[in-house]
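No lab work stands behind these numbers, since they all come straight from the coordinates. Not measured: the values here are computed from a predicted model. For neighbour counting, all protein chains shown are included, and Cβ atoms are generated from backbone atoms with ideal geometry for every residue, glycine included.
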Amino acid sequence: MVVTLAVTWRRFNLIRVWDRLLDGRAFALEYSFSEPSFQSPRMKLRIRGNSIRIRVSQSELASIAADGGVEEAIQFAPGKRLVYGLTVAEQGPARVTYERDRVVVQLPRQAVTQWLDPAEVSIHDQQDIGDGEALRILVEKDFTCLAPREGEDDSDLFPNPEVSQGG
């Protein structure tokens with residue numbers, strides 16, 4: 001018997017597939033990611049040299065705080081995708097892991113709690129990667145553009161502080 005349950009949330013767009021043999025002895029759990037809707041804002045990922053920057057919308061930050069994380073994916077070709085996301089850790093510094101085509105930025109809960117304050121714009125840290133090198137980590141709130149862009153939906157982005165300051 002095969003049962004498929006598709007759950008589409010802004011934070012995961014996750015399909016869970018359970019496959020249990022009829023005798024009940026075997027159980028397999030497989031996670032795969034459906035293509036997210038283009039209508040909702042998405043986390044923005046920027047990788048440059050030894051730095052990683054992610055920008056999140058208001059609903060994504062709310063999901064990080066309430067549910068412990070968000071994920072997104074970019075499809076390059078059939079079967080070739082990069083999944084990236086943010087998760088919350090109870091303690092420790094911000095850190096990045098990369099395994100099996102998945103980049104995960106882990107943020108300390110205390111930093112995420114402080115980040116919920118409207119005055120807090122970002123969380124930043126560095127991770128030692130050996131040979132005297134460091135990976136710079138920056139996770140920031142995504143603000144509305146000062147000049148509207150055609151085809152851009154800014155409705156879930158944070159209000160731009162420069163607009164409120166008359167700038």
For the stretch 65-167, list the strands (runs of 3 or more DSSP E) that sit wholly inside it and hold at least 3 residues that are among the aliphatic types (A, V, I, L, M) and at negative phi; which are they?
-> 69-77, 80-89, 102-108, 133-141
The one condition in (1) surrounded by 12 or more Cβ atoms within 10 Å (Cβ to Cβ); (2) in contact (Cβ under 8 Å) with a residue 60 or more places away in the chain that P159 fails to fulfil | (2)
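So which residues in the stretch 74-88 are out of contact with any Gly (no Cβ under 8 Å at 6 or more places or on another chain) and closer than 18 Å to R136 by Cα, if there are any at all? Steps first, answer last, please.
Of the stretch 74-88, the ones out of contact with any Gly (no Cβ under 8 Å at 6 or more places or on another chain) are 74-84.
Within the stretch 74-88, Y84 is the sole residue that qualifies.
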Identify the residue in the stretch 67-126 that is among the small types (G, A, S) and under 12 Å from the mean Cα position of the chain (by Cα) and, among all such residues, is surrounded by the fewest Cβ atoms within 10 Å (Cβ to Cβ).
-> G68
Mind checking which residues of the stretch 127-156 are surrounded by 15 or more Cβ atoms within 10 Å (Cβ to Cβ) and among the β-branched types (V, I, T)?
-> I137, V139, T144
